[in-house]
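Participant: Submitted below is the structure of interest, expressed as structure tokens.
The values are calculated or read from the model by the stated rules, or taken from the named source; none is laboratory data. All values reported here derive from a predicted model rather than from experimental measurement. As a convention, Cβ positions derive from the backbone with ideal geometry for all residues, glycine included, and neighbour counts pool all protein chains shown.
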Amino acid sequence: MRLFIVFWLIVLTCSGQDFRYNFYQYNAVGVNPAWAGMQEQASLSYHSRRQNLSVSNHTTLMLTAMYPILHNEKHFGTLGLSLFQDRQGFLGEVNAFELLAACNVPLHEKHKIYLALGLQGGSREIYDALKGTDYFPAWSGGIIFYQRKNSYQNRWFAGVSQSNWLGNERYLENYQFFGKLRTILIAGFEVAQIHGFAIIPNVRSILQKDVNFTNYGVSLRKTFSDNSGAWFRYGSWGISGWYAPIQGFVGAVDIDTPAFTLGFSLGFSSQEHFLSYGNSREFIVSLKKIIGKKRLDEKPLINETEPNIE
């Protein structure tokens, strides 16, 4: 089943975070830029998150645009860009403009198994009250193996990525890790269908010098009925949750269709941290458009009694 959460990878999306950095829930491009290579639709997304601090609020805003590269109805890859701003109260902020390129390689077309590769990079401007303004080059790269049910849903995915920047994180809190390579492992798969719900466990581990966070999650997804209208016909809705031992958990709900995505999540902290980070909330809206024509056999079945969907 298609999963933007990992994260929505999946996710999905911007670079790795521990459970408090739930910005990854819908923006799987940051978790692994190869995710863009899996997307066959043009999209424009607005993504925001807000977390309570003892002294202020930590806010993040991102605009992302992606466009697929197609030829003879085959998807070869995706190009994209993002504008990003991260503010941590009066302590500082990050501003970035990043470009993305991803490709999609069929490994076994009969069984719809593919390999996606992605690279994202740009220049970041950081400002903190102690060190002033600085600029640095930022990059992330990754791969994802996955199997499709059809052009809107996946059976499973597994990937790895690396980056040289902290991305959408509290860079001040983690300043001692700045510049060190970070490896992120992600995986998710549909294990069963119960009463029309697909059960999708997923896991994500972040590995860096002196840093090791692992999140465990599960998503329940259900496809809309065959009389839901053109905007919902091939879509689904889901309920998801992630847990990081000792640290806290995140819950989310979303609607995902070929025309749009809406998602909302809440994060709950169960442990005191530097600057006393509290609970967080996050929202995404994405408008999407199919480019080119979809082959009939790529369209998902709403139910087993409907073998063909025009």
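Participant: Can you confirm whether Glu93 is in a strand (DSSP E or B) and at pLDDT below 85?
Facilitator: Criteria met by Glu93.
Participant: If you check Ile246, Ile239, which single one turns out to be at pLDDT 80 or above, surrounded by fewer than 19 Cβ atoms within 10 Å (Cβ to Cβ), farther than 20 Å from Met62 by Cα and of a type in the set (Val, Ile, Thr)? Show your work before the answer.
Facilitator: Numbers: Ile246 fails: at pLDDT 80 or above.
Criteria check complete, one pass: Ile239.
Participant: Can I ask one more? Going through Ile309, Ile302 one at a time, which residue ends up being among the β-branched types (Val, Ile, Thr), within 18 Å of Phe224 (Cα to Cα), modelled with pLDDT of 55 or more and not in a strand (DSSP E or B)?
Facilitator: Values: Ile309 fails: modelled with pLDDT of 55 or more.
Just a single option satisfies the conditions, and that option is Ile302.
Here's the yes/no breakdown for (1) more than 15 Å from the chain's Cα centre (by Cα); (2) surrounded by fewer than 19 Cβ atoms within 10 Å (Cβ to Cβ); (3) on the phi < 0 side of the Ramachandran plot; (4) modelled with pLDDT of 80 or more:
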position: Gly132; (1), (2), (3), (4): yes, yes, no, yes
position: Ser161; (1), (2), (3), (4): no, no, yes, yes
position: Val203; (1), (2), (3), (4): no, yes, yes, yes
position: Thr223; (1), (2), (3), (4): yes, no, yes, yes
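Participant: If you don't mind, another one. Any residue that is part of a strand (DSSP E or B) and within 17 Å of Cys103 (Cβ to Cβ) - is there at least one of those in region 38-47?
Facilitator: Just the residues of region 38-47 that are part of a strand (DSSP E or B), to begin with: 41-47.
So of that shortlist, the ones also within 17 Å of Cys103 (Cβ to Cβ) come out as 41-42.
Yes, some residue in region 38-47 is part of a strand (DSSP E or B) and within 17 Å of Cys103 (Cβ to Cβ).
Participant: If you take the residues in region 116-130 that are of a type outside the set (D, E, K, R) and over 18 Å from the mean Cα position of the chain (by Cα), which one is surrounded by the fewest Cβ atoms within 10 Å (Cβ to Cβ)? Write out each step before concluding.
Facilitator: To start, the set of residues in region 116-130 that are of a type outside the set (D, E, K, R) comprises 116-123, 126-127, 129-130.
The next check asks that each one be over 18 Å from the mean Cα position of the chain (by Cα); those that pass are 122-123, 126-127, 129-130.
Working: Gly122: 17, Ser123: 12, Ile126: 23, Tyr127: 14, Ala129: 11, Leu130: 8.
By that ranking, first place goes to Leu130.
Participant: If we scan region 143-150, do we find a residue that is under 22 Å from Val203 (Cα atoms), buried (at least 21 other Cβ atoms within 10 Å of the Cβ), modelled with pLDDT under 80 and out of contact with any Gly (no Cβ under 6 Å at 6 or more places or on another chain)? Reasoning before the result, please.
Facilitator: We begin by selecting, within region 143-150, every residue under 22 Å from Val203 (Cα atoms); these are 143-149.
After this cut, where a residue has to be buried (at least 21 other Cβ atoms within 10 Å of the Cβ) as well, the list is 144, 146.
Keeping just the survivors that are modelled with pLDDT under 80 gives none.
No, region 143-150 contains no residue that is under 22 Å from Val203 (Cα atoms), buried (at least 21 other Cβ atoms within 10 Å of the Cβ), modelled with pLDDT under 80 and out of contact with any Gly (no Cβ under 6 Å at 6 or more places or on another chain).
Participant: Only one of (1) at pLDDT below 95; (2) in contact with a Gly (Cβ under 7 Å, 6 or more places away or on another chain) is not met by Ala116, so which one is it?
Facilitator: (1)
Participant: Go through region 43-74 residue by residue and tally those that are of a type in the set (Val, Ile, Thr) and either under 20 Å from Val250 (Cα atoms) or surrounded by fewer than 14 Cβ atoms within 10 Å (Cβ to Cβ) (or both). If you could, list the steps in order and put the result at the bottom.
Facilitator: Taking region 43-74 and keeping what is of a type in the set (Val, Ile, Thr), we get 55, 59-60, 64, 69.
The next check asks that each one be either under 20 Å from Val250 (Cα atoms) or surrounded by fewer than 14 Cβ atoms within 10 Å (Cβ to Cβ) (or both); those that pass are 55, 59-60.
The total comes to 3.
Participant: Determine, yes or no, whether Phe274 is more than 23 Å from Asn150 (Cβ to Cβ) and either modelled with pLDDT of 90 or more or in a strand (DSSP E or B) (or both).
Facilitator: Details: more than 23 Å from Asn150 (Cβ to Cβ): yes; either modelled with pLDDT of 90 or more or in a strand (DSSP E or B) (or both): no.
For Phe274, the condition - more than 23 Å from Asn150 (Cβ to Cβ) and either modelled with pLDDT of 90 or more or in a strand (DSSP E or B) (or both) - is not met.
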